[in-house]
1. Any idea which residue in segment 176-197 is nearest to A8 (Cα to Cα), counting only those that are among the β-branched types (V, I, T) and without any contact (Cβ under 8 Å) to a residue 40 or more places away in the chain?
2. Within segment 192-202, is even one residue open to solvent by less than 20 Å² (accessible area, probe 1.4 Å) and under 24 Å from V88 (Cα atoms)?
3. Identify all residues within segment 114-154 that are over 17 Å from V95 (Cα atoms) and of a type in the set (F, W, Y); write none if there are none.
4. What's the number of the condition K215 fails, among (1) touching a helix residue (DSSP H, G or I) at 6+ places or on another chain (Cβ under 7 Å); (2) exposed (fewer than 14 other Cβ atoms within 10 Å of the Cβ)?
5. Scan segment 114-135 for residues that are more than 19 Å from the chain's Cα centre (by Cα) and among the small types (G, A, S) and report the count.
6. Keeping to segment 1-54, report how many residues are basic (K, R), out of contact with any strand residue (DSSP E or B) (no Cβ under 9 Å at 6 or more places or on another chain) and closer than 16 Å to G188 by Cα.
7. Taking only segment 1-54 into account, find how many residues are farther than 21 Å from V176 by Cβ and of a type in the set (G, A, S).
8. List every residue pair whose Cβ atoms lie under 6 Å apart, where the two residues are 6 or more positions apart in sequence or sit on different chains, the first residue falls within segment 9-20 and is over 11 Å from V54 (Cβ atoms), and the second residue, located anywhere, is outside any helix (DSSP H, G or I).
Amino acid sequence: MKFFIDTANLQQIKEAQDLGVLDGVTTNPSLMAKEGITGQDNIINHYKAICDIVEGDVSAEVIATDFDNIIKEGEALAKLNDKIVVKVPMIKEGVKAIKYFSSNGIKTNCTLVFSSGQALLAAKAGATYVSPFLGRLDDISTDGLSLIEDIRLIYDNYGYETQILAASIRHVMHIVECAKIGADVMTGPLSAILGLLKHPLTDNGLAQFLADHAKAAGK
C-alpha cells in the first residue's frame, strides 16, 4: 500500500519524506488556506515546492465546477510538473473532465467520493485514483471501511486499474484496516503515519535493553 500525506505543510511533508516511506502528497484548497497560502501565484509556487520535496504523485485540486474551466485549470496544473495529479470533484462535469484528462494522458484523482456507484463512474471515466472519504462517513455513523471493501470488490470484478486512495484517514487503525482490505493508497495526517511506529512493548523493551546495557557497561 502506498502512503500519501494529506497536508500542505512543507515541514510535515519533509518529515514524512525523510522517514523513507512517503509515496506522494494530497492537498486541497482548505489545507492550503490552513497554511496561509493564498493567491493563485502563491498556490502555484507551493505546489512546485511540494513537487521538489517528494518523488511520487502530488494531487492538486481544481476550483472550477464547470467542464470548460475544470479543463483549463487542470491542464495548467498538469503543466507544472509530471508529478501533478489533477484532483477533480465527483460531479457530472467532473466525470466528463476525468474522461477528457484520461484520454489526453493527464493523471486524475476523483475526490469527494462517498458511494460505490460514484467510484464505479470514476473508474469508467478512467480516473487514476478514486478518493473515498472514509473518515467523513464514520463521522455520520456510517461504516467508511465497508465502502472501501465494496469498491475493492467492484474493481476486482472488472479489472479496473483505478487505484483506491483511502482518504480522510483519521488514525492508525484506519490505515491497518485499509491495508487488510486492499486499498492501493492511504492518505492521512503525519500523526497517523507516525502512530504506526508506536507500541508500549517496544518502548518498554527498548528501555530495558538500554538499562541492561548501562549496567553491563558500568561493570
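The values are calculated or read from the model by the stated rules, or taken from the named source; none is laboratory data. Just so it is clear, the structure is predicted and the values come from calculations on it, not from any experiment. As a convention, Cβ positions derive from the backbone with ideal geometry for all residues, glycine included, and neighbour counts pool all protein chains shown. Only protein heavy atoms, including side chains, enter the accessible area calculation; ligands, DNA and RNA are left aside. Shrake-Rupley method; radii C 1.70, N 1.55, O 1.52, S 1.80 Å.
1. If we take residues in segment 176-197 being among the β-branched types (V, I, T) and without any contact (Cβ under 8 Å) to a residue 40 or more places away in the chain, then V176 is nearest to A8 (Cα to Cα).
2. no
3. F133
4. (1)
5. 2
6. Of the residues in that region, 2 qualify.
7. Total meeting the criteria: 6.
8. N9/E35
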